[in-house]
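Worksheet: one structure, shown below.
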Amino acid sequence: MYFDTHCHLNSDELYDNYELYINNALNHEVENMMVVGYDLQSSKRAVELAKQYDFIYAAVGIGPNDCLETTEQDLFIIDEYLNEPKVVALGEIGLDYYWDDVPREKQKEIFQKQIEIAKKHDKPISIHCRDAYEDTYQMLKLHGHRGIMHCYSGSAEMAQRFIALGYYISLAGPVTFKNARVPKDVAEKTGLEYLLIETDCPYLTPHPFRGKLNEPANVVYIAQEIAKLKNMEIEDVARMTTFNAKTILGIK
């Protein structure tokens with residue numbers, strides 16, 4: 001019923017017990033998951049998990065916080081992974097100005113090169129964006145590709161600009177936080193036909209489990225909050241967000 005479009009079962013926090021978290025997700029009607037890479041090791045793990053389970057898909061990529069030492073050989077490996085049938089997207093990639101680990105120009109360079117790889121394979125991209133919405137928008141507008149704004153934390157108005165470029169807006173745990181006015185506003189004002197749900201686990205655990213390790217089963221709470229904010233049935237949110245996910249990811 002639910003599709004967690006961005007989880008990190010490939011992270012060190014979850015990988016040793018991934019079977020436990022997958023079974024728990026299935027018990028909570030989470031029928032599909034996309035495991036997303038952020039460097040070469042996590043991308044390799046994502047591919048391996050996707051090959052192991054019919055209902056798991058992979059995204060591979062090198063994120064803005066992990067691209068300082070990225071080489072052309074690294075990008076070649078990402079390019080090769082996109083030939084795998086279960087790799088349905090390139091990501092997570094993008095810009096992050098919150099941390100100062102990687103110079104902005106380096107982030108933009110690796111971001112741009114990976115967009116071109118995604119276009120070559122005609123696969124969507126999963127965007128990591130933190131404190132860099134205008135620059136991210138301008139790059140996506142310039143390079144013209146479709147995808148997902150993962151764990152979206154921008155304004156409802158900015159969301160409409162990304163939607164106009166061909167992007168879906170994915171909401172995560174923060175939409176459930178009691179004082180999270182901005183993501184709740186996004187959930188209320190964005191049409192359900194443009195929304196996705198995700199956990200970004202093991203991070204951003206939703207209310208009422210904040211402080212605990214996040215896992216794919218908790219995507220139910222994101223759907224629950226969106227349903228509440230939109231005055232809808234949770235089944236309708238689950239059905240539409242799953243349809244949206246399969247549409248953008250090319251899953252039949």
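Summary of values
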read-out	value
Of all residues making up region 1-57, the number that are in a loop (DSSP other than H, G, I, E, B) and under 23 Å from HIS128 (Cα atoms)	7
Selection within region 175-190 - in a helix (DSSP H, G or I), farther than 22 Å from THR247 by Cβ and out of contact with any Lys or Arg (no Cβ under 9 Å at 6 or more places or on another chain)	ARG181, VAL182, PRO183, LYS184, ASP185
Members of region 60-86 found to be within 13 Å of ILE117 (Cα to Cα) and hydrophobic (A, V, I, L, M, F, W, C), listed by number	VAL60, ILE62, LEU75, PHE76, ILE77, ILE78, LEU82
Odd one out for TYR152 among (1) among the aromatic types (Phe, Trp, Tyr); (2) farther than 24 Å from TYR194 by Cβ; (3) buried (at least 21 other Cβ atoms within 10 Å of the Cβ)	(2)
Residues within region 69-79 that are exposed (fewer than 13 other Cβ atoms within 10 Å of the Cβ) and either not charged (D, E, K, R) or not in a loop (DSSP other than H, G, I, E, B) (or both), tallied	4
Residue within region 154-171 that is under 19 Å from ILE62 (Cα atoms), in contact with an Asp or Glu (Cβ under 9 Å, 6 or more places away or on another chain) and part of a loop (DSSP other than H, G, I, E, B) present	no
Members of region 80-127 that are in a strand (DSSP E or B) and of a type in the set (A, V, I, L, M)	VAL87, VAL88, ALA89, LEU90, ILE93, LEU95, ILE125, ILE127
Residue tally, condition part of a helix (DSSP H, G or I), among the aliphatic types (A, V, I, L, M) and more than 15 Å from the chain's Cα centre (by Cα), over region 227-252	6
Filtered residues of region 87-101 (kept if charged (D, E, K, R) and more than 16 Å from the chain's Cα centre (by Cα))	ASP100, ASP101
Qualifying residue in region 143-151 (condition: touching a residue at least 24 places away in the same chain (Cβ under 8 Å), of a type outside the set (Phe, Trp, Tyr), part of a helix (DSSP H, G or I) and farther than 16 Å from SER126 by Cα)	no
Whichever residue in region 157-214 is aromatic (Phe, Trp, Tyr) and in contact (Cβ under 8 Å) with a residue 40 or more places away in the chain and, among such residues, is surrounded by the most Cβ atoms within 10 Å (Cβ to Cβ)	TYR168
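Residue-wise test of (1) buried (at least 18 other Cβ atoms within 10 Å of the Cβ); (2) out of contact with any strand residue (DSSP E or B) (no Cβ under 7 Å at 6 or more places or on another chain); (3) not small (Gly, Ala, Ser).
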residue	(1), (2), (3)
HIS6	yes, no, yes
LEU14	yes, yes, yes
ASN27	no, yes, yes
ASN32	yes, no, yes
ARG45	yes, yes, yes
GLU48	no, yes, yes
LYS51	no, yes, yes
GLY61	yes, no, no
ASP66	yes, yes, yes
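Values quoted throughout were computed directly from the atomic coordinates according to the rules given, and no laboratory measurement underlies them. Because the structure is predicted, anything quoted here is derived from the model rather than measured. All Cβ positions, even for glycine, are placed from backbone atoms using ideal geometry, and neighbour counts span all protein chains on display.
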